[in-house]
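Notes follow the structure.
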There are 2 protein chains.
Amino acid sequence: MQATTKSPPAGTMPARPRKERSENAARRRGQLIAATTKSIVENGLARTTLATVSAASGLSQGVAVFYFANKEKLFAEVLRHHYELYERLWVSALAQAGDDPVRQLAALIRADFDPAACNQEALIVWYAFWGEAKARPRYAEISDIHDSRHSDAIRAACARLLIEVGRSQEEADALGAGIEALTDGLWHRIYLSHGTMSAREGLRLAARFVANIFPERGERLSAEILGTAQEA
Amino acid sequence: MQATTKSPPAGTMPARPRKERSENAARRRGQLIAATTKSIVENGLARTTLATVSAASGLSQGVAVFYFANKEKLFAEVLRHHYELYERLWVSALAQAGDDPVRQLAALIRADFDPAACNQEALIVWYAFWGEAKARPRYAEISDIHDSRHSDAIRAACARLLIEVGRSQEEADALGAGIEALTDGLWHRIYLSHGTMSAREGLRLAARFVANIFPERGERLSAEILGTAQEA
DNA sequence: AAAATTTATTTGAGCACTCAAAGAAATAGC
DNA sequence: GCTATTTCTTTGAGTGCTCAAATAAATTTT
């Protein structure tokens with residue numbers, strides 16, 4: 001460390017405006033979460049250390065501890081961050097779908113294969129954490145909270161859709177579970193296949209299967225999922 | 001260690017027969033794989049060390065290295081072991097199903113929810129390794145080999161079944177992918193739900209969905225999956 | 001200058017793996 | 001049949017390294 005020019009020439013220009021402080025913290029946290037994600041994708045969770053995060057962020061190891069207290073909490077925030085991106089996606093898709101349960105269900109399924117949620121990076125993060133979830137209550141809890149909200153949304157849409165055609169709540173729950181299983185399983189294949197299966201193909205398969213399952217609304221649902229439905 | 005009776009009473013019966021030596025190696029390997037599995041279930045993969053394996057096996061740390069060269073190779077053998085148990089299960093189920101593609105497909109689906117394959121212990125091991133698979137080519141390779149054999153079996157059964165009723169190979173492949181996604185997704189739910197969902201319920205859901213998907217053979221397939229088909 | 005933030009260094013625990021030696025079983029020599 | 005020799009197993013303290021976390025130092029902001 002050599003002498004750096006001490007004080008700026010007294011003038012104005014505080015290259016850093018007002019709310020600098022609090023904004024800075026949020027920025028740093030985001031930066032560290034992104035760097036941790038990058039390291040998990042490149043090295044796996046087990047080989048992601050404060051050193052790899054520090055290298056990916058360009059910051060020192062101390063910063064991560066300063067903003068997240070310890071490595072475990074940083075990791076938990078990474079998981080939460082990815083779930084929140086996903087949740088924002090499907091919640092807003094659902095909101096835009098309006099009142100029609102067919103469109104609602106289609107929106108939820110489409111969201112699952114939106115490249116913003118269903119991409120290698122996100123899948124690697126999810127699987128990395130799921131793999132350790134049974135040994136880390138903190139990870140399991142975060143997954144639970146978000147998964148159950150998504151479950152509820154799917155089941156609610158299924159219930160409205162099926163009750164319209166005179167089926168029971170029990171059938172709606174089973175159907176919801178099946179749709180979730182189908183999308184989870186397609187994620188699994190997208191994750192493990194080395195780029196062989198894309199999110200786009202996942203969506204097509206999902207549409208195809210779901211169409212078979214809802215005889216009464218299958219065609220319309222499938223069209224809505226694929227985005228080929230004509231506007232009303 | 002106190003005095004143990006030195007030589008056996010000269011008679012026949014050498015409490016340890018001939019191949020003692022080579023059998024010993026197989027026994028030890030099995031013992032170490034079981035101990036590693038136990039530690040992964042209890043501590044997670046990341047916190048499974050040679051020390052936890054040694055504690056679980058009652059052997060010294062050195063033995064694990066002696067029989068498996070290093071920790072990574074021991075872990076790889078654990079993954080392989082679980083895949084082999086699973087593969088033996090579905091291969092023999094398939095063999096017993098005879099020539100009827102409906103029974104073959106049912107047998108494959110039933111095997112996926114057989115408690116011998118689909119239990120918390122096995123799921124924890126699988127998810128632990130899948131979580132690291134993208135960062136460890138060795139794990140990815142083992143998964144690939146076994147997954148693709150299973151895929152092929154499912155697709156073959158689907159093809160025979162669908163071609164019987166005049167559908168195309170393309171449809172059979174899509175259907176196979178869908179069935180696999182469904183079972184993978186149900187595994188996912190069984191794994192992450194804290195015992196809320198059992199293998200038995202998974203099987204019921206799978207039967208229900210698959211029945212909807214094969215209009216021509218759905219009823220029979222469903223009955224075969226649930227084991228409620230009457231004998232011919 | 002006082003407080004807040006960032007960077008750099010130190011520390012001590014825990015890790016995989018080594019290795020020399022001991023123990024046990026199989027084989028050979030008498 | 002008995003002992004000596006060799007081969008195979010097992011042990012566990014030891015080695016060097018990596019890591020998370022703590023601490024200290026420097027820098028910036030107010």
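The values are calculated or read from the model by the stated rules, or taken from the named source; none is laboratory data. Everything numeric in this text was worked out from a predicted model, so none of it was measured. Cβ placement follows ideal geometry from the backbone for every residue including glycine, while neighbour counts extend to all protein chains displayed. To get the accessible areas, we keep the full protein, side chains included, count just its heavy atoms, and leave off ligands, DNA and RNA. Shrake-Rupley method; radii C 1.70, N 1.55, O 1.52, S 1.80 Å.
Things worth noting here:
- Residues of the stretch B:182-208 with an amide N closer than 19 Å to a point placed 7 Å from the Cα of A:Thr196 along the Cα-to-Cβ direction: B:182-185.
- Counting only DSSP H runs of at least 4 residues, each contributing -39500 (n - 2.57), and dividing by the residue count of chain A, the helix-based mean residue ellipticity at 222 nm comes to -24000 deg cm²/dmol.
- Here chain B is treated with +1 on each Lys and Arg Cβ and -1 on each Asp and Glu Cβ, and its dipole about the Cα centre works out to around 1340 debye.
- Once the Cα atoms are used to define both axes, helix A:137-164 deviates from the longest principal axis of chain A by about 30 degrees.
- Selected from B:Phe66, B:Phe214, B:Phe113 as most flexible by GNM, with chain B as the system and alpha-carbon contacts under 10 Å: B:Phe66
- Burial annotation for the stretch B:130-146: residues with an accessible-area loss of at least 30 Å² between the isolated chain and the complete set of protein chains, computed on heavy atoms with a 1.4 Å probe, are B:Trp130, B:Gly131, B:Glu132, B:Lys134, B:Ala135, B:Arg136, B:Asp144.
- Of the solvent-accessible surface of the protein assembly as shown, computed with a 1.4 Å probe over protein heavy atoms with every protein chain present, carbon and sulfur atoms account for 53 percent.
- Residue among B:Pro137, B:Pro101, B:Pro115 with the largest mean-square fluctuation in a Gaussian network model of chain B, springs linking Cα atoms under 10 Å: B:Pro137
- Taking Cα atoms only, the orientation of helix B:20-43 departs from the longest principal axis of chain B by about 60 degrees.
- Choice from A:Asn43, A:Asn24, A:Asn119 with maximal GNM fluctuation in chain A (Cα, 10 Å cutoff): A:Asn24
- Projecting the Cα atoms of A:Ser143, A:Ala172, A:Leu108 onto the dipole axis of the stretch A:98-197, where Lys and Arg carry +1 and Asp and Glu carry -1 at the beta carbon, places A:Ser143 farthest toward the positive end.
- Per-residue 3J(HN,Hα) values for the stretch A:91-98, derived from phi via the Karplus relation 6.51 cos²θ - 1.76 cosθ + 1.60 with θ = phi - 60°, read 5, 6, 4, 5, 4, 6, 7, x Hz in sequence order (x marks Gly and Pro).
- A straight Cα-to-Cα reach below 16 Å connects B:Lys38 with the aspartates and glutamates A:Glu132, B:Glu77, B:Glu121, residues fewer than 8 places away in its own chain not being considered.
- Protein-protein interface of the stretch B:103-128, residues with accessible area decrease of at least 30 Å², isolated chain reference, 1.4 Å probe: B:Tyr127
- Shielded by partner chains, the stretch A:192-219 residues - at least 50 Å² of accessible area, 1.4 Å probe, vs chain alone: A:Leu192, A:His194, A:Arg208, A:Phe209, A:Asn212, A:Ile213
- In whole angstrom, chain B maps to an equivalent ellipsoid with semi-axes of 41, 22, 16, each derived as √(5λ) from the alpha carbon gyration tensor and ordered largest first.
- Between B:Val78, B:Ile190, B:Phe66, the Cα set farthest toward the positive side of the dipole of the stretch B:56-200 (charges on each charged residue's Cβ, about the Cα centre) is that of B:Phe66.
- Take B:Val91: with every protein chain present and a 1.4 Å probe, its accessible area is about 70 Å².
- Along each principal axis, Cα extent of the protein assembly as shown, largest first, Å: 102, 75, 34
- B:Lys73 accessible area, 1.4 Å probe, all protein chains in place, Å² to nearest 10: 90
- Helix A:101-112 vs. chain A, principal-axis angle (Cα, 0 to 90°, nearest 10): 40
- Summarising the rotation from chain A to chain B, the nearest chain A beta-carbon to the axis and its distance in Å are given as A:Gly131, 1.
- For the stretch A:23-69, the solvent-accessible area of protein heavy atoms averages 48 Å² per residue (probe radius 1.4 Å; ligands and nucleic acids excluded).
- Shape of the stretch A:134-230, Cα gyration tensor, a/c cut at 1.5: oblate
- Interface B-A: total buried accessible area of about 3800 Å², 1.4 Å probe, protein heavy atoms only.
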